[in-house]
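Worksheet: one structure, shown below.
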Amino acid sequence: MRKVIVVGGGAAGMMAAVFAARQGGKVHLLEKNEKLGKKLFITGKGRCNLTNAADIEELFNAVVSNPKFLYSSFYSFTNDQTIDFFEELGVKTKVERGGRVFPQSDHSSDVISALSRELSRLGVEVSLNTEVKELIVEGGRVTGVLLASGKKLVSDAVIVASGGISYPSTGSTGDGYRFAKECGHKVTELLPSLVPMEVKEWYAKELMGLSLRNIEIRITDGKKKLYEEFGEMLFTHYGVTGPVILSASSVVGKGLKKKELTLHIDLKPALTEEQLDKRVLREFEANQNRQFKNSVDSLFPAKLKPVMVELSGIPEEKKVNEITREERIRFVHLIKDLTMTLTGLRGYNEAIITKGGVSVREIDPGSMESKNVEGLYFAGEVLDLDAVTGGYNLQIAWSTGYLAGINAAQE
Ligand SMILES: Cc1cc2nc3c(=O)[nH]c(=O)nc-3n(C[C@H](O)[C@H](O)[C@H](O)COP(=O)(O)OP(=O)(O)OC[C@H]3O[C@@H](n4cnc5c(N)ncnc54)[C@H](O)[C@@H]3O)c2cc1C
(Lines give C-alpha, C1' and ligand atoms only; values in the text may rest on other atoms or scores of the structure.)
Protein backbone atom coordinates (compact mmCIF):
# COMPACT_ATOMS: atom_id res chain seq x y z
CA MET A 1 0.00 0.00 0.00
CA ARG A 2 1.48 3.34 -1.08
CA LYS A 3 1.79 5.98 1.58
CA VAL A 4 0.61 9.37 0.28
CA ILE A 5 0.96 12.71 2.05
CA VAL A 6 -1.27 15.55 0.89
CA VAL A 7 -0.17 19.08 1.81
CA GLY A 8 -3.17 21.39 2.15
CA GLY A 9 -6.78 20.66 3.04
CA GLY A 10 -8.44 22.92 0.51
CA ALA A 11 -10.52 21.90 -2.50
CA ALA A 12 -7.67 20.25 -4.44
CA GLY A 13 -6.10 18.63 -1.39
CA MET A 14 -9.31 17.08 -0.08
CA MET A 15 -10.16 15.80 -3.54
CA ALA A 16 -6.67 14.34 -3.98
CA ALA A 17 -6.88 12.66 -0.57
CA VAL A 18 -10.31 11.14 -1.33
CA PHE A 19 -9.17 9.66 -4.63
CA ALA A 20 -5.77 8.51 -3.36
CA ALA A 21 -7.63 6.64 -0.62
CA ARG A 22 -10.24 5.25 -3.02
CA GLN A 23 -7.31 4.02 -5.11
CA GLY A 24 -6.08 2.08 -2.10
CA GLY A 25 -3.43 4.45 -0.78
CA LYS A 26 -2.69 5.06 2.87
CA VAL A 27 -3.35 8.79 2.97
CA HIS A 28 -2.30 11.47 5.44
CA LEU A 29 -3.75 14.95 4.85
CA LEU A 30 -1.90 17.86 6.49
CA GLU A 31 -3.59 21.23 6.95
CA LYS A 32 -2.03 24.13 8.76
CA ASN A 33 -5.36 25.73 9.72
CA GLU A 34 -7.54 24.58 12.57
CA LYS A 35 -10.10 23.31 10.07
CA LEU A 36 -10.40 22.07 6.49
CA GLY A 37 -11.57 24.15 3.53
CA LYS A 38 -11.32 27.67 4.95
CA LYS A 39 -11.24 29.22 1.49
CA LEU A 40 -13.88 26.86 0.16
CA PHE A 41 -16.16 28.17 2.91
CA ILE A 42 -16.10 31.73 1.49
CA THR A 43 -16.42 30.74 -2.17
CA GLY A 44 -19.42 32.02 -4.11
CA LYS A 45 -20.23 34.44 -1.27
CA GLY A 46 -20.61 31.48 1.07
CA ARG A 47 -22.70 29.50 -1.42
CA CYS A 48 -19.80 27.76 -3.26
CA ASN A 49 -20.11 27.86 -7.02
CA LEU A 50 -18.58 24.42 -7.25
CA THR A 51 -18.44 24.00 -11.00
CA ASN A 52 -20.07 25.11 -14.23
CA ALA A 53 -22.59 23.05 -16.19
CA ALA A 54 -21.24 24.27 -19.54
CA ASP A 55 -20.26 21.92 -22.34
CA ILE A 56 -16.86 20.46 -21.55
CA GLU A 57 -15.33 22.25 -24.56
CA GLU A 58 -16.47 25.55 -23.06
CA LEU A 59 -14.57 24.80 -19.89
CA PHE A 60 -11.36 25.20 -21.84
CA ASN A 61 -12.49 28.59 -23.16
CA ALA A 62 -13.02 29.77 -19.59
CA VAL A 63 -9.45 28.93 -18.62
CA VAL A 64 -7.17 31.94 -19.07
CA SER A 65 -3.73 30.38 -18.42
CA ASN A 66 -2.63 27.07 -19.95
CA PRO A 67 -5.99 25.56 -20.97
CA LYS A 68 -4.25 22.86 -23.06
CA PHE A 69 -2.47 21.51 -20.01
CA LEU A 70 -5.90 20.72 -18.52
CA TYR A 71 -6.99 18.45 -21.36
CA SER A 72 -6.31 15.18 -19.49
CA SER A 73 -7.55 16.36 -16.13
CA PHE A 74 -10.81 17.92 -17.41
CA TYR A 75 -11.58 14.79 -19.44
CA SER A 76 -10.54 12.44 -16.60
CA PHE A 77 -12.77 14.21 -14.11
CA THR A 78 -15.36 16.35 -15.91
CA ASN A 79 -17.78 18.94 -14.59
CA ASP A 80 -20.57 16.34 -14.86
CA GLN A 81 -18.50 13.98 -12.73
CA THR A 82 -18.05 16.78 -10.18
CA ILE A 83 -21.82 17.13 -9.92
CA ASP A 84 -22.30 13.33 -9.67
CA PHE A 85 -19.52 13.06 -7.11
CA PHE A 86 -21.11 15.62 -4.80
CA GLU A 87 -24.63 14.29 -5.35
CA GLU A 88 -23.36 10.83 -4.33
CA LEU A 89 -21.90 12.36 -1.20
CA GLY A 90 -25.32 13.79 -0.39
CA VAL A 91 -24.92 17.35 -1.73
CA LYS A 92 -27.88 18.10 -3.96
CA THR A 93 -26.97 20.69 -6.56
CA LYS A 94 -28.74 23.28 -8.71
CA VAL A 95 -27.75 25.20 -11.82
CA GLU A 96 -28.11 28.98 -11.91
CA ARG A 97 -27.58 31.75 -14.46
CA GLY A 98 -24.55 31.23 -16.68
CA GLY A 99 -24.40 27.51 -15.85
CA ARG A 100 -23.12 28.16 -12.33
CA VAL A 101 -23.62 25.11 -10.13
CA PHE A 102 -24.31 25.54 -6.40
CA PRO A 103 -25.38 23.26 -3.56
CA GLN A 104 -29.17 23.37 -3.40
CA SER A 105 -28.86 24.44 0.24
CA ASP A 106 -26.78 27.50 -0.76
CA HIS A 107 -24.28 26.52 1.94
CA SER A 108 -20.62 26.01 1.07
CA SER A 109 -20.33 24.27 4.45
CA ASP A 110 -22.30 21.33 2.97
CA VAL A 111 -19.56 20.81 0.38
CA ILE A 112 -16.87 20.86 3.07
CA SER A 113 -18.83 18.51 5.37
CA ALA A 114 -19.42 16.05 2.53
CA LEU A 115 -15.71 15.94 1.73
CA SER A 116 -14.78 15.62 5.40
CA ARG A 117 -17.25 12.75 5.89
CA GLU A 118 -15.84 10.96 2.87
CA LEU A 119 -12.26 11.43 4.12
CA SER A 120 -13.16 9.88 7.42
CA ARG A 121 -15.19 7.05 5.80
CA LEU A 122 -12.11 6.19 3.74
CA GLY A 123 -9.87 6.24 6.80
CA VAL A 124 -7.75 9.21 5.66
CA GLU A 125 -5.68 10.49 8.55
CA VAL A 126 -6.30 14.24 8.83
CA SER A 127 -3.90 16.38 10.87
CA LEU A 128 -5.06 19.95 11.47
CA ASN A 129 -2.84 22.74 12.85
CA THR A 130 -0.03 20.97 11.02
CA GLU A 131 2.22 23.09 8.86
CA VAL A 132 4.60 21.58 6.36
CA LYS A 133 7.91 23.44 6.35
CA GLU A 134 9.87 21.53 3.71
CA LEU A 135 9.66 18.61 1.34
CA ILE A 136 12.30 15.93 1.82
CA VAL A 137 13.88 14.94 -1.48
CA GLU A 138 16.58 12.29 -1.73
CA GLY A 139 18.23 11.11 -4.93
CA GLY A 140 15.66 12.73 -7.20
CA ARG A 141 12.61 11.38 -5.39
CA VAL A 142 10.43 12.72 -2.61
CA THR A 143 10.57 10.69 0.59
CA GLY A 144 8.40 12.74 2.93
CA VAL A 145 7.91 16.13 4.55
CA LEU A 146 9.38 18.10 7.42
CA LEU A 147 6.77 19.75 9.65
CA ALA A 148 7.15 23.16 11.30
CA SER A 149 7.19 21.26 14.62
CA GLY A 150 10.42 19.60 13.52
CA LYS A 151 8.81 16.19 13.03
CA LYS A 152 9.55 14.23 9.85
CA LEU A 153 6.87 12.19 8.09
CA VAL A 154 7.85 9.54 5.58
CA SER A 155 5.87 8.69 2.43
CA ASP A 156 6.09 7.24 -1.06
CA ALA A 157 4.40 10.26 -2.64
CA VAL A 158 3.62 13.87 -1.71
CA ILE A 159 0.85 15.93 -3.28
CA VAL A 160 1.33 19.67 -2.88
CA ALA A 161 -2.12 21.32 -2.89
CA SER A 162 -1.29 24.39 -0.86
CA GLY A 163 -3.12 26.95 -3.03
CA GLY A 164 -1.96 30.38 -4.19
CA ILE A 165 -1.39 33.60 -2.24
CA SER A 166 -4.74 35.32 -2.54
CA TYR A 167 -6.87 35.80 0.58
CA PRO A 168 -3.85 34.76 2.71
CA SER A 169 -6.08 34.80 5.81
CA THR A 170 -7.53 31.50 4.55
CA GLY A 171 -4.13 29.82 4.81
CA SER A 172 -3.00 30.24 1.21
CA THR A 173 0.33 31.90 1.85
CA GLY A 174 2.34 30.67 -1.10
CA ASP A 175 4.27 27.91 0.68
CA GLY A 176 3.86 25.62 -2.33
CA TYR A 177 5.76 28.03 -4.56
CA ARG A 178 8.70 27.83 -2.16
CA PHE A 179 8.53 24.01 -2.03
CA ALA A 180 8.48 23.90 -5.83
CA LYS A 181 11.45 26.26 -6.18
CA GLU A 182 13.43 24.28 -3.64
CA CYS A 183 12.87 21.22 -5.85
CA GLY A 184 14.18 23.07 -8.89
CA HIS A 185 10.79 23.93 -10.36
CA LYS A 186 10.16 27.18 -12.15
CA VAL A 187 7.45 29.41 -10.69
CA THR A 188 6.04 31.86 -13.22
CA GLU A 189 5.32 35.51 -12.42
CA LEU A 190 2.59 35.83 -9.78
CA LEU A 191 -0.20 38.38 -10.00
CA PRO A 192 -3.46 38.96 -8.15
CA SER A 193 -6.31 38.09 -10.51
CA LEU A 194 -10.10 38.21 -10.58
CA VAL A 195 -9.41 41.34 -8.60
CA PRO A 196 -10.90 44.88 -8.49
CA MET A 197 -9.08 47.71 -10.25
CA GLU A 198 -8.13 51.24 -9.22
CA VAL A 199 -9.24 54.31 -11.14
CA LYS A 200 -7.65 57.74 -11.33
CA GLU A 201 -10.64 60.04 -11.98
CA TRP A 202 -12.47 61.89 -9.21
CA TYR A 203 -15.84 60.64 -10.33
CA ALA A 204 -15.20 56.99 -9.48
CA LYS A 205 -15.30 57.95 -5.81
CA GLU A 206 -18.49 59.98 -6.33
CA LEU A 207 -20.10 56.87 -7.76
CA MET A 208 -19.14 54.62 -4.83
CA GLY A 209 -21.81 51.99 -4.20
CA LEU A 210 -23.41 52.40 -7.62
CA SER A 211 -24.02 49.15 -9.45
CA LEU A 212 -24.50 49.23 -13.23
CA ARG A 213 -26.27 46.36 -14.96
CA ASN A 214 -26.48 45.62 -18.67
CA ILE A 215 -23.49 47.74 -19.52
CA GLU A 216 -20.64 46.93 -21.86
CA ILE A 217 -17.04 47.57 -20.96
CA ARG A 218 -14.02 47.80 -23.19
CA ILE A 219 -10.43 48.13 -22.00
CA THR A 220 -7.88 49.63 -24.31
CA ASP A 221 -4.17 50.34 -24.43
CA GLY A 222 -4.07 53.35 -26.74
CA LYS A 223 -5.90 52.17 -29.85
CA LYS A 224 -5.48 48.48 -29.06
CA LYS A 225 -8.55 46.72 -27.64
CA LEU A 226 -7.57 44.30 -24.87
CA TYR A 227 -10.95 43.24 -23.50
CA GLU A 228 -14.64 43.66 -24.17
CA GLU A 229 -17.57 42.24 -22.20
CA PHE A 230 -21.23 42.81 -21.44
CA GLY A 231 -22.52 42.54 -17.87
CA GLU A 232 -22.49 44.14 -14.47
CA MET A 233 -20.03 46.32 -12.56
CA LEU A 234 -19.80 48.25 -9.32
CA PHE A 235 -18.03 51.42 -8.15
CA THR A 236 -16.04 51.49 -4.91
CA HIS A 237 -14.07 54.13 -3.00
CA TYR A 238 -10.90 53.19 -4.94
CA GLY A 239 -12.29 52.29 -8.34
CA VAL A 240 -14.27 49.49 -9.95
CA THR A 241 -15.25 45.90 -9.28
CA GLY A 242 -18.11 43.49 -10.08
CA PRO A 243 -18.28 40.52 -12.48
CA VAL A 244 -17.09 42.13 -15.74
CA ILE A 245 -14.28 43.99 -14.02
CA LEU A 246 -13.03 40.90 -12.16
CA SER A 247 -13.04 38.86 -15.36
CA ALA A 248 -11.28 41.68 -17.21
CA SER A 249 -8.54 41.76 -14.56
CA SER A 250 -7.43 38.26 -15.49
CA VAL A 251 -6.89 39.35 -19.09
CA VAL A 252 -5.47 42.87 -18.68
CA GLY A 253 -3.69 42.43 -15.32
CA LYS A 254 -0.22 41.93 -16.76
CA GLY A 255 -0.55 44.98 -19.02
CA LEU A 256 -1.88 47.10 -16.20
CA LYS A 257 1.16 46.27 -14.11
CA LYS A 258 3.30 48.04 -16.73
CA LYS A 259 1.13 51.03 -17.58
CA GLU A 260 -2.23 52.72 -17.22
CA LEU A 261 -5.07 51.48 -19.40
CA THR A 262 -8.40 53.03 -20.38
CA LEU A 263 -11.76 51.67 -19.28
CA HIS A 264 -14.64 52.57 -21.61
CA ILE A 265 -18.18 52.07 -20.32
CA ASP A 266 -21.08 51.92 -22.74
CA LEU A 267 -24.08 52.76 -20.55
CA LYS A 268 -26.61 51.93 -23.28
CA PRO A 269 -25.16 49.05 -25.27
CA ALA A 270 -28.55 48.01 -26.64
CA LEU A 271 -28.81 51.27 -28.62
CA THR A 272 -26.65 52.55 -31.45
CA GLU A 273 -25.40 56.10 -31.16
CA GLU A 274 -28.14 57.17 -33.61
CA GLN A 275 -30.89 55.40 -31.69
CA LEU A 276 -29.62 56.86 -28.47
CA ASP A 277 -29.56 60.35 -30.03
CA LYS A 278 -33.24 59.96 -30.91
CA ARG A 279 -33.97 58.84 -27.36
CA VAL A 280 -32.10 61.84 -25.88
CA LEU A 281 -33.83 64.17 -28.34
CA ARG A 282 -37.22 62.86 -27.20
CA GLU A 283 -36.18 63.49 -23.61
CA PHE A 284 -35.04 67.02 -24.46
CA GLU A 285 -38.26 67.78 -26.36
CA ALA A 286 -40.34 66.68 -23.40
CA ASN A 287 -38.29 68.94 -21.09
CA GLN A 288 -37.71 71.94 -23.37
CA ASN A 289 -38.04 74.65 -20.76
CA ARG A 290 -36.26 72.92 -17.94
CA GLN A 291 -32.62 73.22 -16.99
CA PHE A 292 -30.32 70.57 -18.50
CA LYS A 293 -29.57 69.03 -15.08
CA ASN A 294 -33.30 68.41 -14.55
CA SER A 295 -33.93 66.88 -17.95
CA VAL A 296 -31.98 63.61 -17.79
CA ASP A 297 -33.60 61.80 -14.85
CA SER A 298 -34.89 58.93 -16.92
CA LEU A 299 -31.53 58.29 -18.57
CA PHE A 300 -29.37 57.41 -15.57
CA PRO A 301 -29.49 56.14 -12.00
CA ALA A 302 -29.66 59.09 -9.54
CA LYS A 303 -26.01 58.76 -8.44
CA LEU A 304 -24.70 58.86 -11.98
CA LYS A 305 -26.74 61.88 -13.08
CA PRO A 306 -24.61 64.70 -11.58
CA VAL A 307 -21.42 63.08 -12.87
CA MET A 308 -22.77 62.75 -16.41
CA VAL A 309 -24.07 66.33 -16.32
CA GLU A 310 -20.67 67.60 -15.19
CA LEU A 311 -18.70 65.50 -17.72
CA SER A 312 -20.97 66.57 -20.59
CA GLY A 313 -19.47 70.05 -20.55
CA ILE A 314 -23.00 71.49 -20.94
CA PRO A 315 -23.67 74.12 -18.23
CA GLU A 316 -26.01 72.38 -15.82
CA GLU A 317 -28.43 75.29 -15.68
CA LYS A 318 -28.62 75.77 -19.41
CA LYS A 319 -32.18 75.59 -20.75
CA VAL A 320 -32.70 72.42 -22.72
CA ASN A 321 -34.01 74.30 -25.76
CA GLU A 322 -30.70 76.21 -25.87
CA ILE A 323 -28.53 73.07 -26.07
CA THR A 324 -26.82 72.94 -29.44
CA ARG A 325 -26.77 69.89 -31.68
CA GLU A 326 -23.01 69.54 -31.14
CA GLU A 327 -23.48 69.56 -27.39
CA ARG A 328 -26.17 66.91 -27.65
CA ILE A 329 -24.06 64.70 -29.92
CA ARG A 330 -21.14 65.00 -27.49
CA PHE A 331 -23.47 64.06 -24.63
CA VAL A 332 -24.74 61.02 -26.53
CA HIS A 333 -21.18 59.97 -27.20
CA LEU A 334 -20.35 60.32 -23.51
CA ILE A 335 -23.20 57.92 -22.62
CA LYS A 336 -21.81 55.40 -25.10
CA ASP A 337 -18.24 55.92 -24.01
CA LEU A 338 -17.73 57.00 -20.42
CA THR A 339 -13.98 56.64 -19.97
CA MET A 340 -11.81 56.20 -16.91
CA THR A 341 -8.11 55.59 -16.39
CA LEU A 342 -7.25 52.26 -14.79
CA THR A 343 -4.12 52.73 -12.69
CA GLY A 344 -3.60 49.30 -11.18
CA LEU A 345 -4.92 46.12 -9.65
CA ARG A 346 -5.94 45.82 -6.00
CA GLY A 347 -3.86 43.44 -3.91
CA TYR A 348 -3.88 39.73 -3.05
CA ASN A 349 -6.14 40.38 -0.06
CA GLU A 350 -8.96 41.11 -2.48
CA ALA A 351 -8.00 38.75 -5.30
CA ILE A 352 -10.13 35.68 -5.91
CA ILE A 353 -7.18 33.85 -7.40
CA THR A 354 -3.47 34.04 -8.01
CA LYS A 355 -2.37 34.13 -11.61
CA GLY A 356 0.90 32.32 -12.27
CA GLY A 357 2.42 29.53 -10.21
CA VAL A 358 4.36 26.29 -10.65
CA SER A 359 5.17 26.13 -14.35
CA VAL A 360 3.06 23.44 -16.01
CA ARG A 361 5.89 22.67 -18.43
CA GLU A 362 7.59 20.65 -15.71
CA ILE A 363 4.44 18.76 -14.72
CA ASP A 364 3.04 15.69 -16.48
CA PRO A 365 -0.48 16.72 -17.55
CA GLY A 366 -1.68 13.11 -17.45
CA SER A 367 -0.73 12.51 -13.82
CA MET A 368 0.17 15.87 -12.21
CA GLU A 369 3.56 14.39 -11.30
CA SER A 370 6.66 16.56 -11.30
CA LYS A 371 9.02 15.83 -14.17
CA ASN A 372 11.93 16.77 -11.86
CA VAL A 373 11.18 14.85 -8.69
CA GLU A 374 9.73 11.37 -8.64
CA GLY A 375 6.69 10.89 -6.40
CA LEU A 376 5.99 14.62 -6.16
CA TYR A 377 2.61 15.85 -7.41
CA PHE A 378 0.96 19.26 -7.62
CA ALA A 379 -2.76 20.08 -7.74
CA GLY A 380 -4.98 23.16 -7.70
CA GLU A 381 -4.17 26.83 -7.60
CA VAL A 382 -0.48 26.31 -6.78
CA LEU A 383 -0.10 25.49 -10.48
CA ASP A 384 0.11 28.14 -13.21
CA LEU A 385 -3.60 27.75 -14.04
CA ASP A 386 -6.47 30.19 -13.69
CA ALA A 387 -9.91 30.70 -15.14
CA VAL A 388 -12.63 33.34 -15.19
CA THR A 389 -15.41 33.31 -12.58
CA GLY A 390 -18.28 30.83 -12.89
CA GLY A 391 -17.10 27.73 -10.99
CA TYR A 392 -14.17 27.01 -13.31
CA ASN A 393 -11.42 27.57 -10.77
CA LEU A 394 -12.88 24.99 -8.44
CA GLN A 395 -13.28 22.62 -11.38
CA ILE A 396 -9.52 23.02 -11.92
CA ALA A 397 -8.98 22.09 -8.26
CA TRP A 398 -11.30 19.02 -8.45
CA SER A 399 -9.89 17.73 -11.76
CA THR A 400 -6.20 18.20 -10.96
CA GLY A 401 -6.77 16.94 -7.40
CA TYR A 402 -8.46 13.83 -8.77
CA LEU A 403 -5.62 13.04 -11.18
CA ALA A 404 -2.90 13.68 -8.59
CA GLY A 405 -4.71 11.50 -6.04
CA ILE A 406 -5.30 8.57 -8.35
CA ASN A 407 -1.74 8.60 -9.68
CA ALA A 408 0.07 9.22 -6.41
CA ALA A 409 -1.58 6.14 -4.88
CA GLN A 410 -0.94 3.89 -7.86
CA GLU A 411 1.58 1.14 -7.19
C1 LIG B 1 -13.59 35.08 -1.99
C2 LIG B 1 -13.38 33.96 -2.96
C3 LIG B 1 -14.46 33.41 -3.61
C4 LIG B 1 -14.28 32.37 -4.54
N5 LIG B 1 -15.37 31.81 -5.13
C6 LIG B 1 -15.21 30.82 -6.02
C7 LIG B 1 -16.35 30.18 -6.59
O8 LIG B 1 -17.50 30.43 -6.20
N9 LIG B 1 -16.13 29.22 -7.55
C10 LIG B 1 -14.86 28.85 -7.94
O11 LIG B 1 -14.73 28.01 -8.82
N12 LIG B 1 -13.77 29.40 -7.37
C13 LIG B 1 -13.92 30.36 -6.41
N14 LIG B 1 -12.81 30.90 -5.80
C15 LIG B 1 -11.47 30.35 -6.15
C16 LIG B 1 -11.26 29.02 -5.39
O17 LIG B 1 -11.59 29.18 -4.03
C18 LIG B 1 -9.82 28.54 -5.50
O19 LIG B 1 -9.45 28.48 -6.84
C20 LIG B 1 -9.65 27.16 -4.84
O21 LIG B 1 -10.01 27.23 -3.47
C22 LIG B 1 -8.24 26.62 -4.97
O23 LIG B 1 -8.19 25.42 -4.28
P24 LIG B 1 -6.81 24.85 -3.73
O25 LIG B 1 -7.17 23.61 -2.98
O26 LIG B 1 -5.82 24.77 -4.81
O27 LIG B 1 -6.27 25.95 -2.71
P28 LIG B 1 -6.91 26.46 -1.30
O29 LIG B 1 -8.38 26.33 -1.31
O30 LIG B 1 -6.32 27.81 -1.11
O31 LIG B 1 -6.33 25.45 -0.25
C32 LIG B 1 -4.98 25.39 0.11
C33 LIG B 1 -4.87 24.85 1.53
O34 LIG B 1 -3.51 24.54 1.82
C35 LIG B 1 -3.22 24.92 3.14
N36 LIG B 1 -1.78 25.12 3.25
C37 LIG B 1 -1.04 26.07 2.63
N38 LIG B 1 0.25 25.95 2.96
C39 LIG B 1 0.33 24.89 3.81
C40 LIG B 1 1.42 24.28 4.52
N41 LIG B 1 2.68 24.73 4.43
N42 LIG B 1 1.15 23.22 5.33
C43 LIG B 1 -0.12 22.75 5.46
N44 LIG B 1 -1.17 23.30 4.82
C45 LIG B 1 -0.95 24.36 4.01
C46 LIG B 1 -4.03 26.18 3.33
O47 LIG B 1 -4.24 26.47 4.69
C48 LIG B 1 -5.30 25.87 2.57
O49 LIG B 1 -6.28 25.28 3.40
C50 LIG B 1 -12.97 31.90 -4.84
C51 LIG B 1 -11.89 32.45 -4.17
C52 LIG B 1 -12.07 33.45 -3.22
C53 LIG B 1 -10.88 34.01 -2.50
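Odds and ends about this structure:
- Under 17 Å of direct C-alpha separation, and excluding same-chain neighbours fewer than eight residues apart, Lys293 reaches these lysines: Lys303, Lys305, Lys318, Lys319.
- Region 8-116: trypsin sites (Lys or Arg not before Pro) in DSSP loop, at most 12 other beta carbons within 10 Å: Lys92
- Per the Cα gyration tensor, region 271-411 maps to an equivalent ellipsoid with semi-axes of 59, 14, 12 Å, ordered largest to smallest.
- Spatially, region 52-126 and region 142-191 are offset by 24 Å when compared through their Cα centroids.
- Residues whose placed amide H lies under 5 Å from that of Asp386, excluding near-sequence neighbours: Val64, Ser65
- Average projection, convex hull of the Cα set of region 255-294: 4.7 square nanometres.
- For region 340-345, backbone phi angles converted through the Karplus equation (6.51, -1.76, 1.60; θ = phi - 60°) give residue-by-residue couplings of 9, 9, 7, 9, x, 8 Hz, Gly and Pro being listed as x.
- Tilt relative to the chain, helix 11-22 - C-alpha long axis, 0 to 90 degrees, to 10: 30 degrees
- The calculated 222 nm mean residue ellipticity attributable to helices in the chain amounts to -10000 deg cm²/dmol, summing -39500 (n - 2.57) over DSSP H runs of n ≥ 4 and dividing by all residues.
- Accessible carbon and sulfur surface of region 196-346 relative to its total accessible area, %, 1.4 Å: 47 percent
- Candidates per GluC sites (Glu not before Pro) in region 183-224, loop by DSSP, up to 11 other Cβ within 10 Å: Glu189
- Under-5 Å amide H pairs with Glu134, H placed in peptide plane, nonlocal only: Leu146
- Degrees between helix 243-258 axis and first principal axis of the chain (Cα, 0 to 90, nearest 10): 80 degrees
- Whole-Å distance, taken between Cα centres, linking region 319-389 and region 233-302: 20 Å
- Per-residue ³J(HN,Hα) for region 180-193, Karplus 6.51 cos²θ - 1.76 cosθ + 1.60, θ = phi - 60°, Hz, x for Gly and Pro: 4, 4, 5, 9, x, 7, 8, 10, 6, 4, 9, 8, x, 9
- If you run the Gaussian network model on the chain, springs between alpha carbon atoms under 10 Å, then out of Lys223, Lys318, Lys336 the most flexible one is Lys223.
- q = 0.14, 0.21, 0.23 Å⁻¹, region 170-263: log10 I(q)/I(0) [Debye, one scatterer per Cα]: -0.61, -1.03, -1.16
- Listed by chain and number, the aspartates and glutamates placed with their C-alpha closer than 14 angstrom to that of Lys39 are Glu31, Asp110, Glu350, Glu381; residues fewer than eight positions away on the same chain are left out.
- Restraint check, Lys205/Lys336; Lys257/Lys336; Lys35/Lys94; Lys186/Lys224; Lys38/Lys254, Cα-Cα greater than 23 Å: Lys257/Lys336; Lys35/Lys94; Lys186/Lys224; Lys38/Lys254
- Backbone HN-Hα couplings from phi across region 26-31 [Karplus 6.51/-1.76/1.60, Hz, Gly and Pro as x]: 9, 10, 10, 9, 10, 10
- More than 31 angstrom apart: percent of Cα pairs within the chain: 45 percent
- Environment charge at Glu118 (Cβ cut-off 15 Å; Lys +1, Arg +1, Asp -1, Glu -1): -2
- Most mobile of Val296, Val244, Val142 in a GNM of the chain (Cα contacts under 10 Å): Val296
- Annotation for Thr343 and His107: the two label points, set 7 Å from Cα along the Cα-Cβ direction, are 4.4 nm apart.
- Accessible area per residue (1.4 Å probe, heavy atoms of protein chains only) ranks Ile406, Ile363 as Ile406, Ile363, with the largest value leading.
- Loop GluC sites (Glu not before Pro), region 289-360 (other Cβ atoms within 10 Å of the site Cβ: 16 or fewer; DSSP): Glu316, Glu317
- Against the chain, whose longest principal axis comes from its Cα atoms, helix 108-121 is set at around 10 degrees.
- What region 306-411 shows is 36 Å² of accessible area per residue, with the surface traced by a 1.4 Å probe over protein heavy atoms.
- As a size descriptor, the averaged projected area of the C-alpha convex hull of region 196-346 was calculated at 8.4 nm².
- Residues whose amide H comes within less than 5 Å of that of Thr339, counting only those at least five positions distant or on another chain, are Ile265 (H built at 1.01 Å from N in the peptide plane).
The values are calculated or read from the model by the stated rules, or taken from the named source; none is laboratory data. Bear in mind the structure is a predicted one, so any value in this text is a computation, not a measurement. Here Cβ is always computed from backbone atoms with ideal geometry, including for glycine, and neighbour counts include all displayed protein chains. These accessible areas exclude ligands, DNA and RNA; they are computed on the full protein's heavy atoms, side chains included. Shrake-Rupley method; radii C 1.70, N 1.55, O 1.52, S 1.80 Å.
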